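What follows is a short report on a single structure.
Every number in this text was worked out from the coordinates using simple rules, so none of it is lab data. Since we're looking at a predicted model, the values are computed, not measured. Here Cβ is always computed from backbone atoms with ideal geometry, including for glycine, and neighbour counts include all displayed protein chains.
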Amino acid sequence: MPRTGLRLKSPDLLVAESGADLEGHGLKRTLGPFQLVCFGIGAIVGTGIFVGLSDTVAEAGPAVLISFILAALTCVFTAFSFAELGGAIPVSGSSYSYTYASLGERAAFLVGWCLLLEYGVSVSAVAIGWGQYLNELLDNTVGWRIPAALAQAPGHGGVVNVPAVVVMLLAAVLLVRGVRESARATAVMAVIKVGILVLFCAIALTAYDAGNLTPFAPEGIGGIGAGASLAFFSFIGFDAISTAGEEVKNPRKNIPLAILVTIGCVALLYCLVSVAAIGAMPWEQVGGKPAALSLIVDRATGSGIGSTVIALGAVVAIASVVLAVMYGQTRILLSMSRDGLVPRVFERVSPKTSTPVANTWIVAVVFAVPAAVVPLDVVLDMTVIGTLAVMAVVNICVPALRRSHPGLQRRFRVPLYPVAPLLGVAFSLYLMCGLPLVTWVQFAVFLAVGALLYALYGRPRSRLARDAEAGPAEAATSSVR
């Protein structure tokens, strides 16, 4: 360990530890490239497009297309960085591990802390949106809705969001059964929801009216920027692919491939959906409406059959996001636990299912609380700012790691280096600037709490520091214990 105070962890050590049997049982490599792409689509396509589209339209108007393109560009540049880092360091820690290897332990802990927003808090946000479409589906099929008191957060006409809690607990049950079973379920749900969105485009385009696209940018550049910040939420989750690094066959090849294919497919799909939605209905009637896609299909077809299909697709889509994102959060905590930065309970893997069972249930229960009682808009903004901060750091990790480990095996290299990672940082900061001041204040407090936790808990218990003090021989033994 270099004596710079950064406590850098070498990529070779990270990879070696990921293959070690720290608790007597390890994760198994069962995921192929198709399953990995489906996992990526499963982690991305959900609340952001089915529920959040209307909020993006309310900010940007017909220029919502530009907002989605800006958000996609941010993800493309960052996806290049994730692809290079994921192929070079194929471990479960994702951006946390990449930061540990390039910027040091303190920065890594804060990235892991921010990942609680990207994965943990975002799974709460996704679960909140599930209830909206579940009610739409129930209303269309059986003529009954879950009472508002049991389907909304306090302050929004409800007492507790029961559907949000239920979908999180169901996802936990599936995750603890095994990654193979979870991957199969995610693949099926990914195919269903992509098919539903393609069907939406086909239906909405039958009612397309070019007049609905004028004026194109009624809220100006500011509206496009604010819309892009919200549209970015629709792309959150593609980096969850890299959290599967220890459960993927041939990870150095398949992780970069899956990340790039997933982002390309999702970006194209979102642009088609946004154009079809605005073309079918004036933006003023779409903006701010819950279950907007169902509303558009109802208007286009003149019946409730289409909206029932859309609602079914949304229920499946959002459930798959909960599953995939919760998976990502448990694997981040597993990596941090291995390093001694969070309690050891998070690293224990079941000998029967080869999954971190206790870790999964803790995540499900803890993040079911905000899902049950916090409004969606509050959760969404914090998720976005935390994710953008992590993405900015990941783009910085690429040049840092190239400088410190130029000989590291890289199956994929960022094109247009160093311009691409710098643009990734710039786009991330631009979208962060579109968020309200109160979100920045909340984020600053969140980071301060994280820094305090690292100083009081993580730094004193760091296994890297302990092994360095113990000496090379004992450190080598500890790394495979």
Practice task
Only helical DSSP H runs with n ≥ 4 go in: add -39500 (n - 2.57) per run for the chain, normalise by residue count and round the 222 nm mean residue ellipticity to 500 deg cm²/dmol.
Solution key: -22000 deg cm²/dmol
Problem - For segment 132-194, alpha-carbon Rg over 2.2 N^0.38 Å - result: 1.38
Problem - Burial ordering of Leu36, Leu65, Leu293, fewest other beta-carbon atoms within 10 Å first - result: Leu65, Leu36, Leu293
Problem - Built amide H within the under 5 Å cut-off of Thr355, gap 5+ - result: Ser350
Practice task
Considering the options Ser124, Leu175, Val198, tell which one lies farthest towards the positive end of the dipole of the chain, charges being +1 on Lys and Arg and -1 on Asp and Glu at the Cβ, about the Cα centre.
Solution key: Leu175
Fill in the blank from the handout: Rg/Rh over Cα atoms for segment 208-351, Kirkwood Rh, comes to 1.09
Handout entry: Mean projection area, nm², convex hull over Cα of segment 32-182
Key = 12.2
Fill in the blank from the handout: For the chain, the count of lysine pairs 8 or more apart or interchain whose alpha-carbon atoms are under 29 Å apart comes to 12
Practice task
Quick one: what are the phi-derived ³J(HN,Hα) couplings along segment 297-305, Karplus 6.51/-1.76/1.60 with θ = phi - 60°, whole Hz, x for glycine and proline?
Solution key: 5, 4, 5, 6, 9, x, 8, x, 5
Exercise for the section: Any chance you could give the angle, 0 to 90 degrees and rounded to 10, that helix 376-404 forms with the longest Cα principal axis of the chain? Expected result: 40
Completion exercise
For the chain, longest principal axis from Cα atoms; helix 105-115 axis from its Cα atoms; angle between them, nearest 10 degrees, is 20
Handout entry: Test item: Cα-centred dipole of the chain, Lys/Arg +1 and Asp/Glu -1 on Cβ, debye
Key = 1500
Handout entry: Equivalent-ellipsoid semi-axes of segment 45-112, from the Cα gyration tensor, Å, largest first
Key = 32, 13, 11
Exercise for the section: Using amide H atoms built 1.01 Å from N in the peptide plane, name the residues 5+ places from Leu31, or on other chains, whose amide H lies under 5 Å from its own. Expected result: Val248, Lys249
Exercise for the section: Give me Trp144, Trp113 ranked fewest to most by other Cβ atoms within 10 Å of their Cβ, as a rough exposure proxy. Expected result: Trp144, Trp113
Handout entry: Amide H within-cut-off set for Ala151, under 5 Å, with H built and near neighbours excluded
Key = Val159, Val160, Val162
Completion exercise
Between the alpha carbon centres of segment 314-368 and segment 394-465 the gap in Å comes to 22
Handout entry: From phi via Karplus (6.51, -1.76, 1.60), per-residue ³J(HN,Hα) for segment 201-206 in Hz, x at Gly/Pro
Key = 4, 4, 6, 5, 5, 5
Completion exercise
In Å³ per residue, the alpha-carbon convex hull of segment 31-466 encloses 128
Problem - Highest to lowest packing among 342-355, 405-418, scored as the average C-beta count within 10 Å - result: 342-355, 405-418
Practice task
State log₁₀ I(q)/I(0) for segment 128-256 at q = 0.13, 0.15, 0.19, 0.22 Å⁻¹ as given by the Debye formula over alpha-carbon point scatterers of equal weight, solvent excluded.
Solution key: -0.96, -1.18, -1.30, -1.30
Exercise for the section: Taking the dipole about the Cα centre of the chain, with the C-beta of Lys and Arg at +1 and of Asp and Glu at -1, give me whichever of Ala455, Ala185, Leu295 is farthest to the positive side. Expected result: Ala455
Handout entry: Calculated FRET value between Cys265 and Val188, using beta carbons and R₀ = 22 Å, to 0.05
Key = 0.85
Exercise for the section: On a C-alpha basis, how far is the centre of segment 78-131 from the centre of segment 210-252 in Å? Whole number, if you could? Expected result: 16
Exercise for the section: Go through segment 30-38 residue by residue and turn each phi into a ³J(HN,Hα) via Karplus (6.51, -1.76, 1.60, θ = phi - 60°); whole Hz please, and just put x for glycine and proline. Expected result: 10, 9, x, x, 5, 4, 5, 5, 4
Fill in the blank from the handout: Counted neighbours (other Cβ, 10 Å), sorted fewest up, put Ile396, Ile221, Ile241, Ile263 in the order Ile221, Ile396, Ile263, Ile241
Practice task
Measure nothing but the geometry: give the 0 to 90° angle between the long axis through the Cα atoms of 162-177 and the longest principal axis through the Cα atoms of the chain, rounded to 10°.
Solution key: 40
Exercise for the section: Return the loop-located trypsin sites (Lys or Arg not before Pro) in segment 191-257 (DSSP other than H, G, I, E, B) with at most 16 other Cβ atoms within 10 Å of their own Cβ; answer none if there are none. Expected result: Lys249
Exercise for the section: Would you please put 299-307, 55-63 in order of how densely packed they are, using the mean number of other Cβ atoms within 10 angstrom per residue and starting with the highest? Expected result: 55-63, 299-307
